[in-house]
Amino acid sequence: MVGEMGDGEVFGAGGLGRQGSRTALTEPACGPAIGIFEGTLDLGGARPGATRYTPSSGLYRVTGGGVDVWGRTDALHLAWQRFQGDGAVSADIAFAPGHRSGQEKALLLLRQNFDPGAPYVGVVLRGDGRISLQFRQAVGGVTFRIGLFPQGVGRFSLRRHGGRFTAWAGRDAREMRELALVVLPMRDPLIAGIGMCAHNAEDLATAHFARVRVGQE
């Protein structure tokens, strides 16, 4: 569903991913386009979340459920668009005020498709402030993590050049530096997006994504 909130805010609620499909990029059962994104999606049986977008500020307020983005399958709320070739997903990320468990995950993602067990790579900011580059190499495979330890950063970027995927972070867009690299055999087209996982099947958590860019960096 889609609607309008106060102050020109646009609201998009995700739908459930298409059951049994591992490659459907053109027909996901999902919410409508919002901002720069083609749609929103509650992936992996996550409790229904939502993406709210304020055109005047360019801010995306992403609320998601889900047990985790980890292991062999993922559950989260995702605002997505198709992605081809070299480029990046970048944003300023901050958690919304209020109670947090410390386990929540706000993510910049590049996924092979909408399958909950799809290969992916993601820059992950946790509620306790920890940052990592996570990736899954094969469908239904285990997830790996590279811990990152930058200080005082608020802007994050996930960049692709061929099969090379790099995590970047900095205080702002002018002070970005590369933190980690992984090589993955993912093929075009990919799914790019911003996501939120509550790390709790019964809960919801929210993060704010500002100055979001998808495409050429």
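What the table shows:
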| item | result |
| --- | --- |
| Of residues in region 56-79 being in a loop (DSSP other than H, G, I, E, B) and farther than 19 Å from VAL89 by Cα, the one farthest from the chain's Cα centre (by Cα) | SER56 |
| Sole residue being at pLDDT below 95 and assigned to a loop (DSSP other than H, G, I, E, B), chosen from ARG100, ARG187 | ARG100 |
| Failed criterion for ARG155 (all others in (1) closer than 26 Å to ARG72 by Cβ; (2) within 18 Å of the chain's Cα centre (by Cα); (3) of a type outside the set (Phe, Trp, Tyr) hold) | (1) |
| Failed criterion for VAL182 (all others in (1) in a strand (DSSP E or B); (2) closer than 27 Å to GLY31 by Cα; (3) touching a residue at least 60 places away in the same chain (Cβ under 8 Å) hold) | (2) |
| Selected residue (criterion: farthest from GLU202 (Cα to Cα)) from residues of region 109-128 that are in a loop (DSSP other than H, G, I, E, B) and at pLDDT 95 or above | GLN112 |
| Residue check, SER101 of a type outside the set (A, V, I, L, M, F, W, C) and surrounded by fewer than 21 Cβ atoms within 10 Å (Cβ to Cβ) | yes |
| Any hit, region 135-147, residues being among the polar types (S, T, N, Q) and touching a strand residue (DSSP E or B) at 6+ places or on another chain (Cβ under 6 Å) | yes |
| Candidates ALA106, ALA94, ALA88, filtered to the one that is outside any loop (DSSP other than H, G, I, E, B), aliphatic (A, V, I, L, M), at pLDDT 95 or above and more than 23 Å from VAL139 (Cα to Cα) | ALA94 |
| Positions within region 33-52 being touching a residue at least 60 places away in the same chain (Cβ under 8 Å), assigned to a loop (DSSP other than H, G, I, E, B) and out of contact with any Gly (no Cβ under 6 Å at 6 or more places or on another chain), in sequence order | GLY35, ILE36, GLY44, GLY45 |
| Filter result (surrounded by 15 or more Cβ atoms within 10 Å (Cβ to Cβ), of a type outside the set (S, T, N, Q), more than 13 Å from the chain's Cα centre (by Cα) and closer than 21 Å to ARG61 by Cβ) within region 164-202 | HIS199 |
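The values are calculated or read from the model by the stated rules, or taken from the named source; none is laboratory data. Source: prediction; values computed, not measured. Backbone-built Cβ (ideal geometry, glycine too); neighbour counts: all protein chains shown.
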